[in-house]
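Working notes, beginning with the structure itself.
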Amino acid sequence: MDPLSRRAFIGRSVAALGAASGLPAALARAESAGAVATRPSPQEAESSVARRPRAHDTVVLGKTGIRPSRLSMGTGTRSGSEQRALGVDGFVKLLHYGLDQGICWWDAADMYKTHPHLRAALKEIRRDRVVITSKTSAKDAAGVRADIERFRKELDSDYIDIVLLHCMTDGKWPEKMRGAMDALSEAKEKQHVRAVGCSCHTFEALQAAADEPWVEVDLARINPFGKIMDVNKAEDVPRVIEVLETMYRRGKAIYGMKILGEGAFKGEQIDRSLQFVLSKPFVSGFTIGFSSREQIDDIVRRIERVAVA
């Protein structure tokens, strides 16, 4: 496929994605018409992976109906300092460069302080062209309600596609965070948020997320080396995989982080980690933080080279 044709193809794919992941009203119309995709079976997911995954592939996030690209543009490298160092204009250009490659999922968080960068990028495109995740560190209902309103203003968006409770570490977090969870559910009812869930940073918190019906989307640490994960060594990674498989069977969407071990992996390690994650049909997609076009190009090429059985 020549470059122009490929660009046109990606443009059409992104436009189609926008139709499926647009404003809440559009989502409601699609649901009433039966147009929102349901979670694929493990066999269907396995077949999709076998067709050689691409960074710009459209994936389905569990039962949410949200359909972003497989690869998400992370904005939290070293708590967002690398992205913020580019300045608003510099990072906006990088976000749009990723969008030109079909990468139309942006992963943010309150603690990254990158909402103003996303807001500036949204001024140049239709809102429904991208899926946005953000995360709240609030611990109670009042804090979550305040965060949702502030996030919407900071992004200048009526809604946020996915909002997660950030960095769960306590195995009893569903008991302790019930007020925060209820506030997120209220925001979803108001169509200020489309899907809710959590990011997990201990094995106990991950197990609790698997058992908690409220969780629709889970951001999980995953790589084959056990680096900066919920276990301490590669030999224990299968324990995490078992929990993630349980989540998937229960209809939850899973997307991965720490795929590159916070930048610790180099060369062949990067390829091995990408192959490992892409071979897991229960992982819908993953987020990687970028601070240059060269980094995006490198990961996109590496994904295209992955051979998954």
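Kindly indicate whether residue 209 is closer than 19 Å to residue 257 by Cβ, outside any strand (DSSP E or B) and touching a residue at least 12 places away in the same chain (Cβ under 8 Å).
So residue 209 passes the test.
Can you tell me which of (1) touching a His at 6+ places or on another chain (Cβ under 6 Å); (2) within 26 Å of residue 152 (Cα to Cα) is the one residue 187 doesn't meet?
Condition (1) is where residue 187 drops out.
Here's the yes/no breakdown for (1) part of a helix (DSSP H, G or I); (2) over 22 Å from residue 75 (Cα atoms); (3) out of contact with any Phe, Trp or Tyr (no Cβ under 8 Å at 6 or more places or on another chain):
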{"position": "223", "(1), (2), (3)": "no, no, no"}
{"position": "254", "(1), (2), (3)": "no, no, no"}
{"position": "263", "(1), (2), (3)": "no, no, yes"}
{"position": "270", "(1), (2), (3)": "yes, no, yes"}
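Mind listing whichever residues of the range 285-307 are surrounded by 13 or more Cβ atoms within 10 Å (Cβ to Cβ) and either in contact with a Phe, Trp or Tyr (Cβ under 6 Å, 6 or more places away or on another chain) or in a helix (DSSP H, G or I) (or both)? Spell out how you get there, then give the answer.
Of the range 285-307, the ones surrounded by 13 or more Cβ atoms within 10 Å (Cβ to Cβ) are 285-293, 295-300, 302-303, 306.
Once the filter is applied, which keeps residues that are surrounded by 13 or more Cβ atoms within 10 Å (Cβ to Cβ) and either in contact with a Phe, Trp or Tyr (Cβ under 6 Å, 6 or more places away or on another chain) or in a helix (DSSP H, G or I) (or both), the range 285-307 yields 285, 286, 293, 295, 296, 297, 298, 299, 300, 302, 303.
Collect the residues in the range 151-166 that are touching a residue at least 12 places away in the same chain (Cβ under 8 Å), over 15 Å from residue 197 (Cα atoms) and outside any loop (DSSP other than H, G, I, E, B), keeping them in residue-number order. Explain how you work it out, then say what you get.
Taking the range 151-166 as the starting set, the residues that turn out to be touching a residue at least 12 places away in the same chain (Cβ under 8 Å) are 151-152, 154-166.
Then drop every residue that is not over 15 Å from residue 197 (Cα atoms), which leaves 151-152, 154-159.
Selection gives 151, 152, 154, 155.
Against the condition in a loop (DSSP other than H, G, I, E, B), within 22 Å of residue 68 (Cβ to Cβ) and either free of Cβ contacts under 8 Å to residues at least 12 places away in the same chain or of a type in the set (Val, Ile, Thr) (or both), how does residue 148 come out, does it pass? Steps first, please.
Details: in a loop (DSSP other than H, G, I, E, B): no; within 22 Å of residue 68 (Cβ to Cβ): yes; either free of Cβ contacts under 8 Å to residues at least 12 places away in the same chain or of a type in the set (Val, Ile, Thr) (or both): yes.
The answer is no for residue 148.
Restricting to the range 102-129, count the residues that are in a loop (DSSP other than H, G, I, E, B), touching a helix residue (DSSP H, G or I) at 6+ places or on another chain (Cβ under 7 Å) and under 24 Å from residue 78 (Cα atoms).
4
Values in this text are rule-based calculations from the coordinates and carry no lab data. Bear in mind the structure is a predicted one, so any value in this text is a computation, not a measurement. Every residue, glycine among them, receives a Cβ derived from its backbone with ideal geometry; neighbour counts consider all protein chains shown.
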